[in-house]
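Bear in mind these aren't lab numbers, they're just calculated from the coordinates by the rules spelled out. Source: prediction; values computed, not measured. Cβ placement follows ideal geometry from the backbone for every residue including glycine, while neighbour counts extend to all protein chains displayed.
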Amino acid sequence: MQIDKDFVASGYLDGSTACACAVIGDEAGYEKIICANAGDSRAIVVKKNGSFVALSDDHKPDRNDETKRINDLGGKVIHWGRWRVEGVLAVSRSVGDARLKPYVTAEPDVVEYTIQDDDMFLVIASDGVWDTMSSDLVAKFTLVNSCKIVDKRLEVDDSLLRWIARQISKRARENGSSDNTSVIVANLQRKT
């Protein structure tokens, strides 16, 4: 919220979605993830079997709770190619977007997730990835590509996780994304 306040005070009228995760633990291993999200950037946990757990829920204006929040503030959700706040913005929460305050807020949803033994990776990506790739596809893509970097003891070589992130970004662009395709892939496997 402070970043939003500072950004708006700077005079810039544009904005950005935000998704931030903190992985908490000690030398023995990771214990939990705290995820804060405002907008349609997204975070998922990829499990060993290729399934995923969503840590965030996209803030789109056509979500019932978001439409109600916007309408209660006197704003409108209008369909202009897709559902948009005041017919302009296709997300209902972001940092900035001063012209659409108070309808567009930076207040994040915060989720605390306890890391399980079968959790492999945390993937955080901007909306340009999720516009062309489902969470299920990203999870399977991450797991399949990780097979190239897992050694015989089933330990992940962290130095190559950046390569997986680049491959996800590349695939999103190949699928037609013209938006930002930033990706972070983090190893969640417990240290032995």
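Residues within the reach of a label modelled at residue 24 (point 7 angstrom out along Cα to beta-carbon, backbone nitrogen below 18 Å), restricted to region 37-60, are 37, 45, 55-56. By DSSP, the beta bridges lying fully in the chain are antiparallel in about 95 percent of cases.
Ordered by the number of other Cβ atoms lying within 10 Å of each residue's own Cβ, fewest first, 80, 130, 163 fall into the sequence 80, 163, 130. Could you estimate the translational diffusion coefficient of region 1-106 from the Stokes-Einstein equation, with Rh from the Kirkwood formula over C-alpha pairs, at 20 °C and 1.002 mPa s, in whole µm²/s? Reported coefficient: 141 µm²/s.
Here residue 32 is the anchor, and the aspartates and glutamates within straight C-alpha reach of less than 16 Å, apart from those fewer than 8 places off in the same chain, are 112, 117, 118, 119.
Partners of residue 68 within straight-line reach, counting aspartates and glutamates whose Cα lies under 20 Å from its Cα and excluding those fewer than 8 residues away in the same chain: 40, 57, 58, 86, 97, 107, 109.
Segment residue 12..residue 110, full-extension length gain: 32.7 nm, with 0.36 nm per residue of separation and the alpha-carbon distance subtracted. Please check which bits of region 39-62 a label hung off residue 3 would reach, taking the label as a point 7 Å along Cα-to-C-beta and the cut-off as backbone N under 14 Å. Correct set: 39-43. Seen from residue 55, the other residues with C-beta closer than 10 Å to its C-beta sum to a net charge of -2, counting Lys and Arg as +1 and Asp and Glu as -1. The long axis of helix 135-146 is offset from the longest Cα principal axis of the chain by roughly 30 degrees. Where only DSSP H runs of four or more residues are counted, the chain gives -7000 deg cm²/dmol as its mean residue ellipticity at 222 nm, each run worth -39500 (n - 2.57). Exposed loop sites here are GluC sites (Glu not before Pro) assigned a DSSP state other than H, G, I, E or B and surrounded by at most 16 other beta carbons within 10 Å; excluding them, the longest clear run of the chain is 87-154. Paramagnetic label reach from residue 98 (point 7 Å along Cα→Cβ; backbone nitrogen cut-off under 15 Å): within region 1-38, residues 3-16.
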